[in-house]
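The structure appears below as structure tokens.
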Amino acid sequence: MRIGLGHDLHQLVEGRKLFLGGIEIASDKGLLGHSDADVLLHAVCDAMLGAAGLGDIGEHFPDTDPKFKDISSVVLLRQVYQLVGGKGHQIENIDCTIFSEAIKIAPYKVQIRENISDILCIPTERINIKAKTNEKLGPIGEGKAIAASCAVLLT
Ligand code: MG
């Protein structure tokens, strides 16, 4: 068994669509980044790469490469899934936390869980999505950013 940990944070700005867990979320602001800046899927990618000993998301998908500009993070996670699966690993379970004060995550948790289940070809029972505020503190608490953490166990 191998464990992996992923964490990511992106700034919330006007004029961008908001994607979390590969789901488009109704919001007048979105996350700033080279790709679609889906913090949750980036954290999942890093946790999987970490567990497999395959480095990090920035090494595989550099933000200096124009081919990743505004790319859906679903595409990135599918590639990570292929890489990790290609090394003979299977996902036992995934546990995620989204840190968001500006956007209420609760109405989207089921949909996010089902979407990650589809991308990674594992049952929803093996995926857990949690959401927290930041108690109004710091950039997340002030609604200027959203962060996500993820732990993955590979067998
Ligand atoms: Mg990121």
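The values are calculated or read from the model by the stated rules, or taken from the named source; none is laboratory data. Predicted model only: the values in this text are computed from it and were never measured. We place every Cβ from the backbone using ideal geometry, glycine too, and count neighbours over all the protein chains shown. Note: areas computed on protein heavy atoms with side chains; ligands, DNA, RNA excluded. Shrake-Rupley method; radii C 1.70, N 1.55, O 1.52, S 1.80 Å.
Given the criteria in contact with a helix residue (DSSP H, G or I) (Cβ under 7 Å, 6 or more places away or on another chain), among the aliphatic types (A, V, I, L, M) and at negative phi, does VAL13 qualify? Here the answer is no, as VAL13 does not meet what is asked.
When the range 47-56 is filtered for residues that are open to solvent by less than 30 Å² (accessible area, probe 1.4 Å) and touching a helix residue (DSSP H, G or I) at 6+ places or on another chain (Cβ under 9 Å), the ones remaining, listed by number, are MET48, LEU49, ALA51, ALA52. The residues of the range 1-40 include none that are out of contact with any Asp or Glu (no Cβ under 8 Å at 6 or more places or on another chain), near the ligand (Cβ under 10 Å from one of its atoms) and at pLDDT below 95. From the list ASP56, ASP63, ASP46, the one residue that fits, being at pLDDT below 95 and either closer than 18 Å to HIS10 by Cα or within 16 Å of the chain's Cα centre (by Cα) (or both), is ASP63. Looking across the range 1-14, the residues that are open to solvent by 80 Å² or more (accessible area, probe 1.4 Å) and farther than 17 Å from ALA151 by Cα come down to GLN11, GLU14. Inside the range 27-46, residues that are out of contact with any Lys or Arg (no Cβ under 9 Å at 6 or more places or on another chain) and surrounded by 21 or more Cβ atoms within 10 Å (Cβ to Cβ) make up a count of 9.
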